[in-house]
Amino acid sequence: MIEVKEISVKYKNIYGIKNASFTAENGEIVGLIGADGAGKSSLLHAISGVITFEGEILYDNHPYHSPKEAEKFKQNIGLMPQGLGLVLYDFMSIKEHFDFFREIRGIKKDIEYENRLLNMAGLAKFQDRLARNLSGRM
């Protein structure tokens, strides 16, 4: 379970997101929808403990208020940011990315689960496509 309480992220004197709150139970899928610059990535980076934020996040009823406090939970949180070379290695395919990130996290290979994720994301038929050849949506 994760509970996000009044999370705000500031860049100098400008808020990337202000006072965001939501709760997600185990197994629940939450989507963040908004225009460019609405703060979706800022919120996800705060939850993942990548950037400094104001407010409180509870992961499995354990609170954290900073990237340092989030360290003990990062092994349970996955973040795949888009754009600006933040994630994808342009010379690797989607399938190679799955293998790479699964292996560095020590996750057991589960082809059925990976196929479900690829289908859900609309990427199943593009597994062999190199990251440099993907559209932003992909």
Count, please, the residues in the stretch 103-131 that happen to be touching a helix residue (DSSP H, G or I) at 6+ places or on another chain (Cβ under 9 Å) and of a type in the set (Phe, Trp, Tyr).
1
Out of curiosity, is GLU25 more than 21 Å from LYS10 (Cβ to Cβ), at pLDDT 85 or above and of a type outside the set (Phe, Trp, Tyr)?
yes
Residues that are open to solvent by less than 80 Å² (accessible area, probe 1.4 Å), at pLDDT 90 or above, more than 16 Å from the chain's Cα centre (by Cα) and acidic (Asp, Glu): does the stretch 83-100 have at least one?
no
Scope the stretch 100-138; condition of a type outside the set (A, V, I, L, M, F, W, C), under 15 Å from GLY78 (Cβ atoms) and not in a loop (DSSP other than H, G, I, E, B); matching residues
ARG102, GLU103, ARG105, TYR113, GLU114
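Residue-wise test of (1) of a type in the set (S, T, N, Q); (2) free of Cβ contacts under 8 Å to residues at least 60 places away in the same chain; (3) open to solvent by less than 90 Å² (accessible area, probe 1.4 Å).
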position: ASN19; (1), (2), (3): yes, yes, yes
position: ILE33; (1), (2), (3): no, yes, no
position: ASP36; (1), (2), (3): no, yes, no
position: GLY39; (1), (2), (3): no, yes, yes
position: LEU43; (1), (2), (3): no, yes, yes
position: PRO67; (1), (2), (3): no, yes, yes
position: LYS72; (1), (2), (3): no, yes, no
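The values are calculated or read from the model by the stated rules, or taken from the named source; none is laboratory data. These numbers were taken from a predicted model, which means no experiment stands behind them. Note: ideal-geometry Cβ built from the backbone for every residue, glycine included; neighbour counts use all protein chains shown. When the accessible area is computed, the model is the full protein with side chains, heavy atoms only, and any ligands, DNA or RNA have been set aside. Shrake-Rupley method; radii C 1.70, N 1.55, O 1.52, S 1.80 Å.
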